[in-house]
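Participant: There's a structure below that I have some questions on.
The values are calculated or read from the model by the stated rules, or taken from the named source; none is laboratory data. Remember, it's a predicted structure, so these values are computed and weren't measured experimentally. Quick reminder, even Gly has a Cβ in these numbers, built from the backbone with ideal geometry, and neighbours come from all protein chains shown.
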Amino acid sequence: MTPLELSEIQAYLLNDYKEMGSSKYYLLQVRDATAAKKFLTNIADTITHANATTGETALNLGLTSNGLTALGYSNEENMHSFSREFREGMVTPHRQRLLGDFDSSDPSNWQWGGPNNEQVDVILMVFGKNESIVENYFESLKQKFEPGLSMVHIIDGKPLPNEREHFGFRDGISQPVIKGSNVSPAGNNNDIDAGEFVLGYKNEYGVYPDAPLVKVAQGNLEILSDNPGGYKNELVDKPFKDIGLNGTYFVLRQLEQNVNGYWSFIKKQTVDENGKPNNEEATKIAAKMMGRWPSGAPLVTHPDRDPGGDNDDNSFSYKKQDKGGEKCPFGSHIRRMNPRDQFEESPAWVSLKLTRRHRIIRRVRSYGEDFIGSAENHAPNGEVGLLFGCFNANISKQFEFIQYTWANSPKFKRLYDDPDPIIGVRECPVTGTKQNFTIPQKTANRVIPNLQSFVTVKGGAYFFFPSVTVIKFLATV
Amino acid sequence: MIKQHPLIVLSPVKKDKAEELDKRLRVIRESLQQGTETEFKKVPTLHYGRFVILDRESFRDEPTVPVSTRLIFSTNHDGDKDNHLTEVVTNITNYIDDIYECCEGYPGPGSRTTENRKSYLEKYSIKSSAFYNGAPGRSVQQIHQEAALRDHIWNYIKDNKWGEKASAVDIHRNIRKEIDSNPEFEWSKQMAEVQGIKWFNFIAYGLLLIAAIPLIIAGAIYLFLFHEIWNKKQTLTLSQLDDKKVNKLKEVEDLFPQNQFTQVAVLKPTFIRRLNFQIWMMRTRVLANNVFVHGKLLNIPTIHFARWVLIDKNRHVLFFSNFDGNWQQYLGDFIDQSGWGLTGIFSNTVNFPKTRFMITGGAYDEEHFLAWSRSTQVPTQVWYCPYPQLSIKNINNNTKIRNELRKDLNEEQAKIFLKRF
């Protein structure tokens, strides 16, 4: 196991900044490449890396492929060595089909990142104890980045209230730990080879992930390292420099949550003959859809009622404890997002191995009112939602695979018409198709038919998260 | 039980008609994508059909025999070939005439008959080297019927509340009564024949394999010393592939819950490599016919039909597959579940990721394998499936529903039956 070069890696990969009560993601556009590069030089040493002690603020930075080109890292061959998903960005006709961004979630309706929005080049992520600290810090940065960069959009964020997302469920319980990162092992199959999340390290296949290499000399190559995969320029028999090393890819999607619609829909499933909903029953259905109770307690270990409190139990498995899905339905959100020991019908050890190849490190924050929904109380003031973020070394194999194959596909496992009830439902289903949620019971299954979509994508982009050294290098191209 | 077979017709395209052919195929493709295509379903024995233009550009690697532009027409069909071809040329005559007008030797407009159209397709049809069927014995009609049966029962279960007290056996009986009262499902009273694993053949194959161990080891060592270590290390990764080509492939992907895959690779020219390929084809044939009969090819649970076809004097190999899910998942499954099988077969083609003793490297060299796979893939001009909303797991599950409905089940079995919905 290779130890990670922590002082090179941007800290957000390893630290969720939960203690930072406020954050703003500033989406910027390159106006003047020379000035923008000067800004990179200026701030490179203030970027929060994984070895830095956490202070009152934290600063991280990512770039879109347009951003790299705009900065001047524009050699076609060099850009071409970035992964195709990153190069193309989140908005292509094919990717729209994969991610299911249709109807209200269609990129043409987005607030940022879509075809009708201004181009996003750089994301500056500022975290602080509170909003004024963030804003003050940003003001000082702004003086440095203008006129090189201009503001396109600001996304406010904060940690989830009591670590619960707006529908009301404790979130972020199952999170991979990167091997070699000095974080104590998480156990239960959550310790994953670094190459799944950081470029330049071996992944769960035992190979180096596809990484961007400098094919044609550009910028100050002296400060870069050779690629560990041994790819060489055959003409001069010299290894290529690696600008991916200690970097990674960051997926960001702004997801609006229709909390009122969500709970109203579920409550409607429980009405008695007088039209009165049953809140207890509604909470149970909602938990079946999520796979955990609002407290976070897994259905696998607490099938009948919520033990309450905050429950971060992550030590369960499916095949051993709930093979038939009578406790936690096959179609539930968490059973899809991490199938653990029951990936398809493989033996448990194979399932565990395969699951490790499709994990992401989630970095989510919430926006809008600090509101925790429930069957009793589900009308927040104004728009609320989740800033879904995740790190992965291979967007196609990880984020896109999870979204398409595990969430959107109604054919998950042996199901027929069951998309992920939280994040996989189409607003307008394809003609002739149904969208159900199947709850296995002792005898005949229960079905919640005609699922509706309560999550709308409002914006999104793929970012490259370079290492500290590569940020310095990019200032020299 | 009606058996399914592969048909493949490989005919030369007229030199000046390649573009026109491409255009005509595009019209069909677009109507399929928009859901307005109505012709193919007139061929009741047709499971999957595809047209692919195979030309020099389709080959990533230098062909070892000269190749001209050819049209591939491939189907997976029910029952005998003659009947299927008759259906094809009589029920979708317009397609066949429009398309084959662009090919060498097709009868002229005035002189076409069912017979000479058929004999044209017959003349250019070639044999598949290995063929896999995810639901052996299930005809198109049966697949549709069983899907309707499942949907009917699903609705019935959804609408009927038996309460906590009803046993699974009771519910099962009720369902059977419901179906029996419905003349539409008269056919389901007869259980479907399902092919089982042919244990005798499987064991015989196993014994033969054991007996051949010394030979296999000797062969592996020989291959390692005289071939593998001399093979070049592959360095191509996915990001490096030609964007135009990849985009052309992606344009027709993920439009339905199912996808197609067409690939052409060049066999390594040495005798031993070609022999090794044939041995692997033989193994695949034995396993596909006798063992992989329950919906899993080498443990991959998402493939409806797949086949390997040797062409050009056995120097080039085509691979076709119809599968659930998308490319990333499919190829990932291949590596994860049966990297050894893929490695065994395709390590005999040029520029496949370097292997050692035909076991390590190869498909397990994930990055380079995916790039190999994508770069040897060929765009499929027309692809038709009569049941795009059914996964292969659904199809096999539907047959089990039909058969278990007729059995007298005990409580445990009835619970399993009810879990199928």
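Participant: Being among the aliphatic types (A, V, I, L, M), in a helix (DSSP H, G or I) and farther than 30 Å from B:Q240 by Cβ is the filter here; which residues of segment B:371-421 pass it?
Facilitator: Across segment B:371-421, the qualifying residues are B:I392, B:I395, B:I401, B:L405, B:A414, B:I416, B:L418.
Participant: Give just the number: which of (1) of a type in the set (D, E, K, R); (2) touching a Ser or Thr at 6+ places or on another chain (Cβ under 8 Å); (3) away from chain A (no Cβ under 14 Å) does B:D324 not satisfy?
Facilitator: (3)
Participant: Residues that are surrounded by 18 or more Cβ atoms within 10 Å (Cβ to Cβ), more than 23 Å from A:R84 (Cβ to Cβ) and of a type outside the set (F, W, Y): does segment B:199-222 have at least one?
Facilitator: The answer is no; no qualifying residue exists.
Participant: Residues that are within 30 Å of B:T302 (Cα to Cα) and more than 14 Å from chain A (Cβ to nearest Cβ): list the helices (runs of 4 or more DSSP H) wholly contained in segment B:72-164 that include at least 3 such residues.
Facilitator: Passing ranges, in order: B:81-91, B:140-159.
Participant: Now for a separate question. Where in segment A:44-103 are there helices (runs of 4 or more DSSP H), lying wholly inside it, with at least 3 residues that are within 14 Å of chain B (Cβ to nearest Cβ) and under 18 Å from A:E400 (Cα atoms)?
Facilitator: Where helices (runs of 4 or more DSSP H) fall fully within segment A:44-103 and carry at least 3 residues being within 14 Å of chain B (Cβ to nearest Cβ) and under 18 Å from A:E400 (Cα atoms), they are A:84-88, A:93-99.
Participant: In this structure, does B:I272 turn out to be free of Cβ contacts under 8 Å to residues at least 40 places away in the same chain and of a type in the set (V, I, T)?
Facilitator: Spelling it out, it is not the case that B:I272 is free of Cβ contacts under 8 Å to residues at least 40 places away in the same chain and of a type in the set (V, I, T).
Participant: When segment A:213-246 is examined, which residues are found to be basic (K, R) and either closer than 17 Å to A:G72 by Cα or surrounded by 17 or more Cβ atoms within 10 Å (Cβ to Cβ) (or both)?
Facilitator: Matches in segment A:213-246: A:K215, A:K241.
Participant: What number of residues within segment A:304-332 satisfy the criterion of being under 22 Å from A:F343 (Cβ atoms) and not hydroxyl-bearing (S, T, Y)?
Facilitator: 16
Participant: Among the residues of segment B:328-350, are any part of a loop (DSSP other than H, G, I, E, B), away from chain A (no Cβ under 14 Å), of a type in the set (A, V, I, L, M) and out of contact with any Cys (no Cβ under 7 Å at 6 or more places or on another chain)?
Facilitator: yes
Participant: Then there's this: Would you please list the contacts, defined by Cβ atoms under 7 Å and residues six or more apart or on different chains, that run from a residue in segment B:168-181 that is away from chain A (no Cβ under 12 Å) to a residue that is among the hydroxyl-bearing types (S, T, Y)?
Facilitator: The qualifying pairs are B:E178/B:Y156; B:I179/B:S188.
Participant: Of everything in segment A:161-212, what is part of a strand (DSSP E or B) and touching a residue at least 40 places away in the same chain (Cβ under 8 Å)? Give them in sequence order.
Facilitator: Within segment A:161-212, A:R164, A:R170, A:I178, A:I192 qualify.
Participant: Could you grab me the full set of residues in segment A:434-447 that are part of a loop (DSSP other than H, G, I, E, B), within 11 Å of another protein chain (Cβ to nearest Cβ) and within 28 Å of the chain's Cα centre (by Cα)?
Facilitator: Of everything in segment A:434-447, those that are part of a loop (DSSP other than H, G, I, E, B), within 11 Å of another protein chain (Cβ to nearest Cβ) and within 28 Å of the chain's Cα centre (by Cα) turn out to be A:K434, A:N436.
Participant: Mind checking whether some residue in segment A:328-338 is within 14 Å of chain B (Cβ to nearest Cβ), of a type in the set (V, I, T) and either over 23 Å from A:P449 (Cβ atoms) or not in a loop (DSSP other than H, G, I, E, B) (or both)?
Facilitator: No, there is no match, as no residue in segment A:328-338 is within 14 Å of chain B (Cβ to nearest Cβ), of a type in the set (V, I, T) and either over 23 Å from A:P449 (Cβ atoms) or not in a loop (DSSP other than H, G, I, E, B) (or both).
Participant: Within the set of pairs 6+ apart or on separate chains, which have a first residue in segment B:405-421 that is within 13 Å of chain A (Cβ to nearest Cβ), a second that is of a type outside the set (A, V, I, L, M) and part of a helix (DSSP H, G or I), and C-beta atoms under 7 Å apart?
Facilitator: Once the first residue is within 13 Å of chain A (Cβ to nearest Cβ) and sits in segment B:405-421, its partners that are of a type outside the set (A, V, I, L, M) and part of a helix (DSSP H, G or I) give B:L409/B:H172; B:L409/B:F417; B:A414/B:H172; B:F417/B:H172; B:F417/B:E404; B:R420/B:N397; B:R420/B:K400; B:F421/B:W154.
Participant: Taking segment B:373-400 as the search range and keeping residues that are within 13 Å of chain A (Cβ to nearest Cβ) and in contact with a Phe, Trp or Tyr (Cβ under 7 Å, 6 or more places away or on another chain), which one is modelled with the lowest pLDDT?
Facilitator: Among residues in segment B:373-400 that are within 13 Å of chain A (Cβ to nearest Cβ) and in contact with a Phe, Trp or Tyr (Cβ under 7 Å, 6 or more places away or on another chain), the one modelled with the lowest pLDDT is B:P388.
Participant: Determine, yes or no, whether A:N314 is polar (S, T, N, Q), in a loop (DSSP other than H, G, I, E, B), under 22 Å from A:P421 (Cα atoms) and free of Cβ contacts under 8 Å to residues at least 12 places away in the same chain.
Facilitator: no
Participant: Answer yes if at least one residue in segment B:130-147 is more than 28 Å from the chain's Cα centre (by Cα) and either basic (K, R) or at pLDDT 95 or above (or both), and no otherwise.
Facilitator: no
Participant: Between B:W230, B:W199, B:W154, B:W162, which is in contact (Cβ under 8 Å) with a residue 60 or more places away in the chain and not β-branched (V, I, T)?
Facilitator: So the residue among B:W230, B:W199, B:W154, B:W162 that is in contact (Cβ under 8 Å) with a residue 60 or more places away in the chain and not β-branched (V, I, T) is B:W154.
Participant: A further question on this structure: Restricting attention to segment B:43-64, does a residue exist that is closer than 21 Å to B:S129 by Cβ, assigned to a helix (DSSP H, G or I), more than 19 Å from the chain's Cα centre (by Cα) and small (G, A, S)?
Facilitator: Yes: segment B:43-64 contains one or more residues that are closer than 21 Å to B:S129 by Cβ, assigned to a helix (DSSP H, G or I), more than 19 Å from the chain's Cα centre (by Cα) and small (G, A, S).
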